[in-house]
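Asks: Have a look at this one.
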Amino acid sequence: MTENELSRIKVIQDVCDKQITGVEAARRLNLSCRQVSRLVKRFTQFGAGGLLSLQRGVPSNHRYDDNVRLRILKLVHEYYADFGPTLAREKLIERHGIKIGLETLRQWMIADGLWVPHFKRKPCVYQPRYRRDCYGELIQIDGSHHDW
């Protein structure tokens, strides 16, 4: 349970014990009085587990079908394996007429191993430049043949 859910249990328990009113609980939880009464009913019926979201662990209704995902990843593998997510998305729209969100495609490419996020890439190793032996060795000399 998260901190919010734990604090919610305490407030709803106080309402059940009649230490605070439903209006006060609604103010503390930033909910409506109707929502608090619904939570109290679920708490008395199912206990603390009744206050948890029933959508936890259930996949989203707005997700893409697995067949669509596999088809798009097959196209990306075949034609755009060395592209980044932004360019791959542009080419999918331009050449194949497939409109998909950039972040969705990026997450799919990361999961499929086609794209490595910037923060997970190995940092470039640069050769250190050591100090010069003589003072003024890097001062630029005028190489012009004109007599200024």
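Asks: Compute the distance in nm between two label points, each set 7 Å from the Cα along the Cα-to-Cβ direction, one at Leu70 and one at Arg56.
Replies: 3.3 nm
Asks: Less than 19 Å apart at the alpha-carbon level, and either on another chain or at least 8 residues along: which lysines does that give for Lys99?
Replies: Lys74, Lys91
Asks: Which three extents, in angstrom, do the Cα atoms of segment 66-119 have along their principal axes, listed largest first?
Replies: So the extents along the principal axes, rounded to whole Å, are 31, 22, 19.
Asks: Fully extended, how many nm does the chain gain between Tyr79 and Arg131 (0.36 nm per residue separation, minus their Cα-Cα distance)?
Replies: 13.9 nm
Asks: Let me ask something else about it. At a Förster distance of 30 Å, what's the computed FRET efficiency of Arg95 paired with Cys124, Cβ-Cβ distance as r, to 0.05? Don't skip to the end; give the middle numbers.
Replies: Details: r = 33 Å, r/R0 = 1.10.
The pair Arg95/Cys124 has a calculated efficiency of 0.35.
Asks: Taking a label point 7 Å from the Cα of Gln13 along the Cα→Cβ vector, which residues of segment 49-81 have an amide N closer than 15 Å to it?
Replies: Answer for segment 49-81: 49-52.
Asks: Can you tell me the mean projection area, over all orientations, of the convex hull of the chain's alpha carbons? Units nm², please.
Replies: 22.8 nm²
Asks: Taking Lys41 as the anchor, which aspartates and glutamates have their alpha carbon closer than 18 Å to its alpha carbon, excluding any fewer than eight residues away along the same chain?
Replies: Filter leaves Glu5, Asp14, Asp17, Glu24.
Asks: Could you work out how far helix 66-79 tilts from the main Cα principal axis of the chain, as a 0 to 90 degree angle to the nearest 10?
Replies: 0 degrees
Asks: For segment 5-17, take each phi angle, set θ = phi - 60°, evaluate the Karplus expression 6.51 cos²θ - 1.76 cosθ + 1.60, and give the result in whole Hz per residue in order, putting x for glycine and proline.
Replies: Coupling constants for segment 5-17: 5, 5, 5, 5, 4, 4, 5, 5, 4, 5, 5, 5, 7 Hz.
Read the figures in this text as sums done on the coordinates, not as results from a lab. Every value quoted in this text rests on a predicted model; they were computed, and no experiment measured them. Positions of Cβ are backbone-derived with ideal geometry, glycine not excepted, and every protein chain shown enters the neighbour counts.
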